[in-house]
Amino acid sequence: MLAIIGGTGLTQLDNLKITKRLIVRTPYGEPSQPLIFGEIADREVIFLARHGRGHTIPPHEVNYRANISALHLHGVTEIAAVATVGGISADLSAGKLVIPHQIIDYTYARKSTFHDGIGQPVKHIDFTEPYCPNLRAKWKRAAEAISEKVIDYGVYAATQGPRLETAAEIIRLERDGATVVGMTGMPEAALARELGISYAAICPVANYAAGKGDNLHAIHYEEIIANLNLTMERVRNIIAELVKQNGFNPDVVPVNTQCG
């Protein structure tokens, strides 16, 4: 079973034929919204908006554990995430689509593991490749099939939010090797790995990060939303092709150990 997690600009899938909505309770609380079951290209998928239907949950308050746990409880084996970012590298202007291959985590005080609490054994997951290479390749093939250009590499800097970064912070992130910056990439990816779920993201670039490109002195949120409105239809089309191409047989267990 494939799940789509939508972020800023993607709180619903217009091309999803909804079959049911399901309120789910997990040991970690309730997810951001009821799980939405439906079909794209006659194939069943689950959709979840990580910020909630009305985009009311800020990045640092998303219950990532409940979201991933709820999907796992309902048979999800692969998560195709959509995560809006700011471009740090000079070539990553608004409208570009990035499939990152690495993450640097700058978040703090988030519930970032299922393996904590009294009596819980310590577990160290391999996170050398935080995104599943197989699922990243599927994202790329789907985009190419509909003639959408994607950049199939990138280092995602996960910051705390909800404020945007200072220009000095972006300089630091760039010095660390980051090429894009967002607020929701972690602990989402790590939690999926803990539960053996293949996970990969596509990142629409909404704007240049602070101090970059045309945002040397300020970032205007209205411009971010306008850019996303133009980009998200392309993302929806890639998602439809992703589902159509691959089928995502829930009985098939990923053989790549980096996929969960």
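The values are calculated or read from the model by the stated rules, or taken from the named source; none is laboratory data. Keep in mind it's a predicted model, so treat the numbers as computed, not measured. Because the Cβ atoms are built from the backbone with ideal geometry, glycine has one as well, and the counts that use them run over all protein chains shown.
Would you please name the residue that is farthest from His115 (Cα to Cα), looking only at residues in segment 192-247 that are part of a helix (DSSP H, G or I), among the small types (Gly, Ala, Ser) and modelled with pLDDT under 95? Restricting to residues being part of a helix (DSSP H, G or I), among the small types (Gly, Ala, Ser) and modelled with pLDDT under 95, the top hit is Ala226.
For segment 1-117, give me every one of the strands (runs of 3 or more DSSP E) that falls completely inside it and has 1 or more residues that are surrounded by 21 or more Cβ atoms within 10 Å (Cβ to Cβ) and over 18 Å from the mean Cα position of the chain (by Cα). Walk me through how you get there before you give the answer.
Values: elements: 2-6, 17-22, 35-40, 43-49, 78-82, 85-87, 102-105.
Where strands (runs of 3 or more DSSP E) fall fully within segment 1-117 and carry at least 1 residues being surrounded by 21 or more Cβ atoms within 10 Å (Cβ to Cβ) and over 18 Å from the mean Cα position of the chain (by Cα), they are 35-40.
One residue stands out in segment 118-174 among those that are of a type in the set (A, V, I, L, M) and touching a Gly at 6+ places or on another chain (Cβ under 6 Å): the one that is nearest to Lys96 (Cα to Cα), namely Val155. Give me the pairs, please: first residue somewhere in segment 230-244 and within 15 Å of Val98 (Cβ to Cβ), second residue anywhere and at pLDDT below 95 and crowded, with 17+ Cβ neighbours inside 10 Å, beta-carbon distance under 7 Å, and either six or more positions apart or on two chains. Going by the 7 Å Cβ cut-off, the qualifying pairs are Met232/Gly9; Met232/Leu10; Val235/Leu10.
In segment 118-136, the qualifying residues are those that are under 16 Å from the mean Cα position of the chain (by Cα) and in a loop (DSSP other than H, G, I, E, B), and the one that is farthest from Ile225 (Cα to Cα) is Glu129.
Anything in segment 39-73 that is farther than 30 Å from Tyr108 by Cβ and either modelled with pLDDT of 95 or more or among the β-branched types (Val, Ile, Thr) (or both)? List them, or say none.
Start the filter on segment 39-73 by keeping residues that are farther than 30 Å from Tyr108 by Cβ, which leaves 39-45.
If the condition is that a residue be farther than 30 Å from Tyr108 by Cβ and either modelled with pLDDT of 95 or more or among the β-branched types (Val, Ile, Thr) (or both), then Ile40, Val45 are the ones that fit.
The sole residue among Arg193, Arg175 that is over 16 Å from Pro130 (Cα atoms) and either free of Cβ contacts under 8 Å to residues at least 12 places away in the same chain or charged (D, E, K, R) (or both) is Arg175.
Residues in segment 137-170 that are under 19 Å from the mean Cα position of the chain (by Cα), surrounded by fewer than 17 Cβ atoms within 10 Å (Cβ to Cβ) and among the hydroxyl-bearing types (Ser, Thr, Tyr): 1 in all.
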